[in-house]
Amino acid sequence: MKTTDVVIIGGGVIGCAIAYFLRKQHIDVVLLERGEIGGQASGAAAGLLAPPGPLTGPGPFADLVLAGFASLAALVPELEASSGIHLGYERPGALRIVRDQKRVAHLQKRFANWQALGLPLYWLSGAEACQREPLLAPDVCAAVYSPAEAQIQASSVVQAFAQAAQLAGARIYPHHEVAGVLTQQDRAIGVYTTQGETITCNHLVLASGAWAAQCCAWFNVTLPVSPLHGQLIALSQPMPHLKHIIFGEAAYLAPKGETLFVGATREDMGFDTTVVEKGSSWLYETATRLIPALAQGTIQASWAGLRPRTPDRRPIVGFLPPWENVLVAAGHNSVGIILSALTGQCIAEMVTTGNTPPLMQNFTPGRFLNI
């Protein structure tokens with residue numbers, strides 16, 4: 001039988017980030033992942049670090065996302081040095097465009113809301129947008145230019161957190177599925193796996209992404225986390241290459257070297273990660289409307305992942321009432337990568353102090369449990 005201070009269930013970017021920050025506090029940690037490390041949503045993500053997208057204006061969620069954006073960007077040199085893995089961090093900036101004159105007013109409203117966040121943003125006419133990004137469709141009416149927006153190689157971030165945590169002493173076990181938990185009064189005292197292993201612990205962290213609701217059921221707690229199917233495709237970069245991240249018509253185009261990532265669909269398919277032809281076709285057709293030069297190419301690859309969705313589109317991070325030593329870090333929707341470092345730091349602080357950091361106080365499990 002193994003024993004540890006903290007057991008983490010889930011080997012995506014959130015679980016691995018938590019392991020990394022716990023080890024920075026010299027806390028003994030075991031991470032259990034039923035599949036491959038980063039094998040679900042984290043590995044399928046495009047890695048966009050684009051704060052304005054999910055935000056409608058100032059507030060606690062904006063504070064959280066902007067703090068997460070700053071935390072991850074600041075951590076990149078340390079994480080690369082600690083893991084030996086290059087993260088592909090770059091800051092190409094983003095253009096949010098509209099091609100329909102009727103949509104200009106809506107974009108102007110969003111621009112005004114985003115300006116209140118303090119990010120550098122610029123309003124461009126259609127001609128100015130096409131001057132900045134010559135590959136754009138000539139019928140672009142207007143755009144918002146955001147030079148601070150960045151991207152990173154999502155799969156590399158997961159592996160870097162895992163590698164750095166392991167090098168610091170974390171025990172990380174892929175292909176170890178947790179079958180259930182051991183409890184005593186209002187505490188979790190351990191877990192047992194499908195291989196028959198038992199691991200005792202002082203704290204248990206549920207970082208199981210879209211599967212968090214199933215894990216919470218072990219504690220007779222219902223949390224509304226569900227899977228949302230998201231599909232992406234890869235295209236060859238046109239010549240000359242697209243320079244900026246482009247958002248438009250409910251899609252995004254992210255240039256990564258010789259490849260262009262196009263995403264992402266949003267479909268209810270349960271836990272099915274099948275690639276759907278209809279989704280790939282929609283992504284390709286939308287991309288070619290925004291960047292006509294892409295019509296000369298073909299889809300190189302397509303894949304799908306499951307976003308962990310919550311009803312209010314906000315993450316769930318904190319202690320799981322009424323359990324004294326069980327924490328949840330899940331439901332990050334489409335901002336798991338951008339919030340990974342901050343979530344790791346906050347969970348490590350909760351484990352060491354028992355207190356919820358101010359940034360996370362609006363996002364605890366209690367908001368769904370009438371507590």
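Quick note: the coordinates plus some simple rules give every number you see, no bench work behind them. Keep in mind the model is a prediction, meaning the values are calculated, not measured. Cβ sites come from the backbone with ideal geometry, for glycine too, and all protein chains shown count toward neighbours.
Structure data summary
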read-out	value
For the stretch 106-123, Karplus couplings with θ = phi - 60° (6.51, -1.76, 1.60), whole Hz, Gly/Pro x	5, 5, 4, 5, 5, 4, 4, 5, 5, 4, 5, 7, x, 7, x, 9, 9, 8
Dipole of the chain [Lys/Arg +1, Asp/Glu -1 at C-beta], most positive-end residue of Ile337, Gly230, Trp114	Trp114
Total formal charge among the other residues, if their Cβ is under 15 angstrom from that of Phe247, Lys/Arg +1 and Asp/Glu -1	+4
Debye log10 I(q)/I(0) at q = 0.09, 0.11, 0.15, 0.17 Å⁻¹ for the stretch 33-149, Cα point scatterers	-0.33, -0.49, -0.81, -0.96
Relative contact order [Cα under 8 Å, 6+ residues apart], the chain, whole percent	24
For the chain, the spread of Cα positions along each principal axis, largest first, Å	65, 39, 39
Dipole in debye (nearest 20) - the stretch 208-330, about Cα centre, beta carbon charges: Lys, Arg +1; Asp, Glu -1	260
Helix axis angle, 154-167 relative to the chain longest principal axis, alpha carbon, degrees	30
Cβ charges +1 (Lys, Arg) and -1 (Asp, Glu), total dipole of the stretch 1-69, debye	80
Top positive-direction residue, dipole computed over the stretch 255-304 with Cβ charges, set Ala287, Gly270, Ala301	Ala287
